[in-house]
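Bear in mind these aren't lab numbers, they're just calculated from the coordinates by the rules spelled out. Remember, it's a predicted structure, so these values are computed and weren't measured experimentally. Heads up, the Cβs are rebuilt from the backbone with ideal geometry, glycines too, and the neighbour counts pull from every protein chain shown.
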Amino acid sequence: MPAQAHHLARELEGLKRNLLHVGKLALEELGKALEAYRTRDVALAREVSVTDKVLDAKEVRVEEECLRIIALHQPVAQDLRYVASALKINQLVENTGDTAVRIANRAEFLASRPPLPIEVDVAGTGARVVEMFDRALQAFVQLDELGAHEVMDMDNEVDNAYRNATSKMIAVMEQHSDQVEVALNTMHLMRHLERAADRATDIAEQVLYILTGDIIRHSE
C-alpha cells in the first residue's frame, strides 16, 4: 500500500473510533433519560444535559476531523463516501443527544405529576430505540449491509408504538381533563423516541450509501 493510502486508512480508522465514541455518549444519554422516566428520578434527568455538553464538544471535533481529512487527502470513491457519511452521521448522533435531553425534560415534568390511568409502553419502545441506535452504529463500524437493513426494518415497530400511544393519550385527554398536561407530555416523549428511531434509520441509510453509492431517500 502506498504511504499516502496507508496514512489515509489510518486517519479513517481514527475517525471511526472517534465517531463511535460520540455515538456511545448519545446512547448513554438516551439510557439515562429513559431510566429517569422509569424511576421518576429528577436528578438523573438533569444529568442528561451535562452529558450532552460533552457530546456537543466532541461532535464539533469530529466534524473538524472530517473536513481536515477531505482537505489533506482528497479521498475518492468509497473513501469519500465514508467521510461524507461520517459528517452526516456525526450530526445525526448530535441530534439524538438533543432528543435525549428533551426526553429527560419530559421525564422531569412527569415525575412531579400523578401517573396516567392507562399503560403506555415507553420502556419497551425506548429499549427498541436504543437497540436500533446501537445496531446502526455497529453497522457503520463494520460496514454491515445486512445490519443496516435490519435497523431500517425495525423502524415500523416504533412508528406503530407511537401511533398507539397517541391514540391512548387522546382518549385520556377526552376523558380526564385534569390529566391533559400529563397526557400531552407523554405523547411528546413518545414522539421524541420516534424521532430518535428515525435518526437510527438515517444512519443505516448512510451505511448503505457508503457501500453502494445509492442515496436511499431518493430511490424509494
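For residues that are of a type in the set (Asp, Glu) and within 19 Å of the chain's Cα centre (by Cα), scanning just the stretch 73-103, find the one that is nearest to HIS188 (Cα to Cα).
Ranking the candidates gives ASP98 first.
Could you give me the residue pairs with C-beta distances under 8 Å whose first residue belongs to the stretch 60-76 and is farther than 19 Å from GLY23 by Cα and free of Cβ contacts under 8 Å to residues at least 40 places away in the same chain, whose second residue is of a type outside the set (S, T, N, Q) and not in a helix (DSSP H, G or I) wherever it lies, and which are 6+ apart or on separate chains?
Sorted first by the residue in the stretch 60-76, then by its partner, the list stays empty.
Determine which single condition SER49 fails, assuming it passes every other condition in (1) farther than 19 Å from ASP134 by Cα; (2) over 17 Å from the mean Cα position of the chain (by Cα).
(2)
Within the stretch 162-169, identify whether any single residue is outside any helix (DSSP H, G or I) and of a type outside the set (A, V, I, L, M, F, W, C), and answer yes or no.
No, there is no match, as no residue in the stretch 162-169 is outside any helix (DSSP H, G or I) and of a type outside the set (A, V, I, L, M, F, W, C).
Output the residues belonging to the stretch 152-187 that are surrounded by fewer than 18 Cβ atoms within 10 Å (Cβ to Cβ) and aliphatic (A, V, I, L, M).
Once the filter is applied, which keeps residues that are surrounded by fewer than 18 Cβ atoms within 10 Å (Cβ to Cβ) and aliphatic (A, V, I, L, M), the stretch 152-187 yields ILE170, ALA171, MET173, VAL180, LEU184.
Taking the criterion of being among the basic types (Lys, Arg), surrounded by fewer than 18 Cβ atoms within 10 Å (Cβ to Cβ) and without any contact (Cβ under 8 Å) to a residue 24 or more places away in the chain, would at least one residue in the stretch 188-195 satisfy it?
No: the stretch 188-195 contains no residue that is among the basic types (Lys, Arg), surrounded by fewer than 18 Cβ atoms within 10 Å (Cβ to Cβ) and without any contact (Cβ under 8 Å) to a residue 24 or more places away in the chain.
Filter the stretch 104-130 for residues that are outside any helix (DSSP H, G or I) and surrounded by fewer than 16 Cβ atoms within 10 Å (Cβ to Cβ); which is nearest to the chain's Cα centre (by Cα)?
Result: ASP121.
Scan the stretch 147-169 and report the pairs whose first residue is within 11 Å of THR201 (Cβ to Cβ) and whose second residue is buried (at least 19 other Cβ atoms within 10 Å of the Cβ) and of a type in the set (Phe, Trp, Tyr), with Cβ atoms within less than 9 Å and a gap of 6+ or a chain change.
Listed pairs, sorted by first residue: ALA148/PHE140; VAL151/PHE133.
Checking the condition more than 27 Å from ARG81 (Cβ to Cβ) and exposed (fewer than 14 other Cβ atoms within 10 Å of the Cβ), which residue from ALA43, ALA33 passes?
ALA43
On the basis of being of a type in the set (Lys, Arg), buried (at least 20 other Cβ atoms within 10 Å of the Cβ) and within 22 Å of ALA127 (Cβ to Cβ), does ARG38 make the cut?
no
What number of residues within the stretch 131-151 are surrounded by fewer than 20 Cβ atoms within 10 Å (Cβ to Cβ) and either in a helix (DSSP H, G or I) or of a type in the set (A, V, I, L, M) (or both)?
The total comes to 12.
Results for (1) among the basic types (Lys, Arg); (2) more than 20 Å from LEU211 (Cα to Cα); (3) part of a helix (DSSP H, G or I); (4) touching a Cys at 6+ places or on another chain (Cβ under 6 Å), shown as yes or no for each residue.
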position: GLY14; (1), (2), (3), (4): no, no, yes, no
position: GLU28; (1), (2), (3), (4): no, yes, yes, no
position: LEU34; (1), (2), (3), (4): no, yes, yes, no
position: ASP52; (1), (2), (3), (4): no, yes, yes, no
position: CYS66; (1), (2), (3), (4): no, no, yes, no
position: ILE70; (1), (2), (3), (4): no, no, yes, no
position: LEU87; (1), (2), (3), (4): no, no, yes, yes
position: LEU92; (1), (2), (3), (4): no, no, yes, no
position: THR96; (1), (2), (3), (4): no, yes, yes, no
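Every residue in the stretch 119-146 that is among the acidic types (Asp, Glu), over 16 Å from ARG163 (Cα atoms) and without any contact (Cβ under 8 Å) to a residue 60 or more places away in the chain, please.
Correct list: GLU131 only.
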